[in-house]
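Student: Sharing a structure below in structure tokens format, with a few things to ask.
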Amino acid sequence: MPRPKILKRATVQPSAAVPVKKSTPEKEGSRQKKTNGKENASRNLQSNLEEDLEQLGFEDETVSMAQSAIENYFMQGKSASERMNNAKSRRGRRAGNGNTEEIEEDDEISNAITDFTKCDLPGLRNYITKKDNTEFEKRLEHLADNDFGKWKLYLAAGFNILLHGVGSKRDVLTEFENELSDYTYMRVDARKDGLNVKVLLGAINENMKLNCNVKRGQSTISWARSIRRKMNSQQLILIIDNIEAPDWRSDQEAFCELLENRDSVKLIATVDHIYSTFIWNSRQLSSLSFVHITINTFEIPLQELMTGDSRLLGLDARSNQSSHTMSSLDVFWKSLAVNSQKLFRLFFQMYFDTKKPVKFWDLFNAAKDDFIASTDAALRTQLVEFKDHRVLKWTRGDDGNDQLSGIVELRLVTEFLESKNMPLDEKKDE
Amino acid sequence: MTPGITFHRGNKKLKLGKAEINEAIEFPEDFEFCSMEQERRFFKNFVDDVTRFDEKMAHTTASIYDTATNEIATWILKKPGKSSKTKGISVFSPNEPIGTLKCALVQCNFTDISRLIGDFRQKLLEKSTENLEVRDHLVTENDAIHEIIDRILEKNTSSTTCHVIIIRQFESLRPNFFASLVSLLFSNSTCRRLIPRIKLMTCVSTSPAFFTQNCGLETANLMDLTHFRFTKLDDIFSKIIATGCHAHFLPPRPPPKNIEEDDPALLNNFDCAPAVFSGPFMKYLKNRFFACDYSISALSRAIQLALLQKYLEDPLWREDAHDAELQKYDRVLRVFLEEFGENPAEIDEKLAENLRCHVEIQSDGGDFWTKIRHESIFQERKSAIFDGNSTNLHSFLRRFLAKITPIDPKFCEKLENLRENLISAEQNPEKSEISPEKSITTTQKMSFLEMQKQRRSAMTAKQQNPLRSAKSAIFSHVMNLFETTLQPYPSTWRNVIGANFWIDDVTKTSLDASDEYDIENAMLNAKKFEKMPISVAWRCLLTHRNFKSVPMAEWAELFLRNVQQMSRKSAKGAFFAAAGQLEHIGLIRGAVDKKSTNVHVLYHPISFIPDI
């Protein structure tokens, strides 16, 4: 029963987005393509799959126009994954495929499996947001009724709490904050970029009004010791998510200094990594006095994944540097002159024709024939801009001449140029 | 405001008070405190048990530490004799007799170094007088040699000042640091004159051999080296366990000075906490102490947490007292060790032996008696008492009856009967010996048939020797007492702490980190979570034929086959969510090559076998 409702919601969203697209005459081409897709829907499953992908792209375009940082971050990963895996496999499959039914069935199965080799981040986000959390909410209520009082007792008795287990535990700590509303506490997200022990010490110094600023040449450990002494009779409960974050691993000695006095500073923290306790040695573990509590929530850690460098999801730094989206290409396109726009199409036409890096002089000859550039210097000026925006890669070939390689995926370029009424040759689309 | 940090100011302080205790503890429904005094006593006991157990341990173990520290301080400040001055030969001043540098080498485990240095400084301060001013200098791996020399050569040093250089840990010093320090002391003309008043105290954690091997021969010749051992770990552990065990192991303790708030009425009791440790818990403490880092604070923390858990499970566990059973247990155990133990003469001094046997009884249960019968010590003592001459057996029975009669009168009555049987059995062989003589003397001629009958009756009488059967009956009866009394604590006793740590379906609380086991248990073993996508994904990955690197397409194919009731779109989202989560946990990693679609398995389960 819930599934048809989800499908209905999916169908409603495109219609809601149509008025937005009406105001943009440049996107009429995508609407026509969508109509063509509907006409061919009855042919085979592959067409339906492509239609679903188009709908996903449609949603992505709408969301990305809202200037959401999270969406752009996810879109980057998607493009990187597609560029890594899909283009080459698709090209190879087309070259070797026939028209028999058996081959078509194999194509369907292979295509289904191929979808699982690249991560569709918008689909993943939709799956996470729509996931049923009823069981987890019941479990959370059980924790709030039975365990949170005991956790407070552990903290009061001089122990610190370390939560670990499979799944995200942020909601558990958020619920536990309600229990601590009468006390002074500080919630810290250790996976936040730029947040480390020094920043934490500065925040404690500022919020608790200790007036104990760091001195020149003072180490983090001595600063932590000074803050601990300045605390006197005040009390602070630290609630730290993912204390095993990379930025926190090297400053645990200062952290132990801060927690030396169990009455002043108390700690409840979470860890996810399987080797998380290796960041402390035996002396530090002894001073921290952890009570290890295992909670297996099996909740998908969405925020942790976003701030992580997952290669499987395409979120690592190398993938982010070489990825583009429809919106990013659109912004880049608007900044180009007419000649540069023509050069963009010409370059990718040549690049995808041969599937090899394009030699500079070949591109120059073609551009000169189309009156795009008259001299090689002018062409270089335009190509440098392409390079700076990570549209192409400029390398030197074995023969000593310059070579140009495209970074943007074929599928993305095709869709984008069609939306600009400058499609690539039809033969390549087939 | 710093991004990622939210601050909330509250009015209260989180401390162990009545409100926090009442919120966490669930009293029985029909329970109410009879009086304010009873309620006050309950909360006071709660706070003392949970937070002040380390004070009890400190009080118990203080005597051991003080004895060791005082021994070191006395030796290091002792005035050297005249003969020691002529031992040293220095290349820097061959014509001048200087003497040797006194050095105390103290073997101390890692976690006790701070305590050793603190106590040692205290002892030096106590021994300082007007005629002898003691000044200590602590040396760590971060200090430079010239700083040490500068501190010794301060201008205000008087002729009666004695400098004690304390090296915190020899293993952590830089190579040749110690040799350089000693050489510099002898080479500096000003320091050379102060050699008789410069002392060294070096801590070493591994073994004294490490010091002698890494210290050069020339340096060793310049020092008067004496080895000390700071603590004996067996004695320390025995004292700690005896503090937490039922107090009959020790005589009533004197009133502690640092717990002034104690109720005077409680001083008459054996111990403030009538708790007893379960066998597995004592075994855990033993492993925690000897197998890890000899940390006393870890033991204190474990015991305090166990007491806290006991209060959470059963707030009124203190009402359940078994003093009579425990007294019987202690006395019977003492008698057993005196009669069948290894060192009966030193039973009062060997607390470790006493506790070792106690831990084995509580941990192994019925298997203990099966094993003890096969031990050589037990067999030797048994044969010494029950075999051979009856004199030993009679003396054993006299001692045994004198000790056991106040404990178990019924047992002693039966033992008295068996003793009378033994005495009567000892007299019966004399009568049986007379009759054969008479028969021999009366009969002049004997037929073959009569001779056969006579020999058969003799053999029958020998087999049915009443003396042997009487001894066997006594032994069985004595062992029956031991085996019925020396058993693990019954599960119905409420004052046994550490029986099992609190575990339910959702959370598990423990003092030790077991992340690997918990993650494996959650995803491979727990039936409750076996259908979770991440569990299915990990099991599919582990059961693939490749051990290290698995193609992502094949992994996805296995996942699609095993995941249940999920559409393709949802399955794709679940698959990548699981993959991202596994990578976040640290179990897998994506390939470095961007063109490759392989997944590297970084961790393979140890405790469980994966199965789809």
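Student: Over both sides of the B-A contact, add up the buried accessible area with a 1.4 Å probe and give it to the nearest 100 Å².
Tutor: Protein heavy atoms only, the B-A interface buries about 8000 Å².
Student: Suppose every Lys and Arg Cβ carries +1 and every Asp and Glu Cβ carries -1, with no other charges. What dipole size does segment A:133-304 come out with about its Cα centre, to the nearest 20 debye? Intermediate values should be presented prior to the final figure.
Tutor: Working: 21 positive and 24 negative charges, 206 e Å.
With only Lys, Arg, Asp and Glu charged at Cβ, the dipole is about 1000 debye.
Student: List every residue whose amide H lies under 5 Å from the amide H of B:ILE165, counting only residues 5 or more places away in sequence or on a different chain, with H placed 1.01 Å from N in the peptide plane.
Tutor: B:HIS137, B:LYS199, B:LEU200, B:MET201
Student: A further question follows. Report, please, the projected area of segment A:326-420 averaged over directions, based on the convex hull of its C-alpha atoms, in nm².
Tutor: For segment A:326-420, the mean projected area of the Cα convex hull comes to 5.8 nm².
Student: Convert each backbone phi in segment A:270-277 into a coupling constant with the Karplus relation 6.51 cos²θ - 1.76 cosθ + 1.60 (shift: θ = phi - 60°), then list the ³J(HN,Hα) values in order as whole Hz, x for Gly and Pro.
Tutor: Listing the rounded values in order: 10, 9, 10, 5, 6, 10, 5, 6 Hz.
Student: Could you give me the ³J(HN,Hα) list for segment B:513-527, computed from phi with Karplus coefficients 6.51, -1.76, 1.60 and θ = phi - 60°, whole Hz, x at Gly and Pro?
Tutor: 7, 9, 5, 4, 5, 5, 5, 4, 5, 5, 9, 10, 10, 5, 6
Student: How much net charge surrounds A:LYS198 when only other residues with a Cβ under 12 Å from its Cβ are counted (Lys, Arg +1; Asp, Glu -1)?
Tutor: -2
Student: May I ask you to evaluate 6.51 cos²θ - 1.76 cosθ + 1.60, the Karplus curve with θ = phi - 60°, for each residue of segment B:205-218 and list the ³J(HN,Hα) values in order in whole Hz, giving x for glycine and proline?
Tutor: These are the phi-based 3J(HN,Hα) values: 9, 7, 6, x, 4, 4, 5, 5, 6, 8, 9, x, 5, 5 Hz.
Student: In Å and on Cα atoms, what radius of gyration and Dmax does segment B:519-601 show?
Tutor: 12.2, 38
Student: Another one. Can you tell me which of B:9-19, B:302-312 comes out highest on packing, and rank the rest after it, using the mean Cβ neighbours within 10 Å?
Tutor: Numbers: B:9-19: 14.2, B:302-312: 22.5.
Those peptides, ordered most packed to least, come out B:302-312, B:9-19.
Student: What percent does the relative contact order of segment A:133-304 come to when contacts are Cα pairs within less than 8 Å and at least six residues apart?
Tutor: 38
Student: Please list, in chain and number order, the residues 5+ apart from A:ILE295 or on another chain whose amide H is under 5 Å from its amide H, with Hs placed from the backbone.
Tutor: Result for A:ILE295 returns A:HIS164, A:GLY165.
Student: In peptide A:204-217, what is the residue-averaged number of other protein chain Cβ atoms found within 10 Å of each Cβ?
Tutor: Other-chain Cβ atoms within 10 Å of each residue's Cβ, averaged: 1.
Student: Taking amide H positions as placed in the peptide plane 1.01 Å from N, state which residues far from A:LYS393 in sequence (5 or more) or on other chains have amide H under 5 Å from it.
Tutor: Answer set, sorted by chain and number: A:SER405, A:GLY406, A:ILE407.
Student: Which order do the peptides B:358-366, B:571-579 take when ranked by the mean count of other beta-carbon atoms within 10 Å per residue, highest first? Kindly include the intermediate steps, with their values, before the conclusion.
Tutor: Values: B:358-366: 17.9, B:571-579: 24.6.
The peptides rank, most packed first, as B:571-579, B:358-366.
Student: Now, a different point. Below 8 Å, C-alpha to C-alpha, sequence gap of six or more: please give me the relative contact order for segment A:326-420 in percent.
Tutor: The normalised contact order for segment A:326-420 reaches 30 percent.
The values are calculated or read from the model by the stated rules, or taken from the named source; none is laboratory data. Being a predicted model, the structure only gives us computed values, none of them experimental. Counting neighbours? That spans all protein chains shown, and the Cβs are built from the backbone with ideal geometry, glycine included. Just the protein is used for accessible areas: all its heavy atoms, side chains included, with ligands, DNA and RNA removed. Shrake-Rupley method; radii C 1.70, N 1.55, O 1.52, S 1.80 Å.
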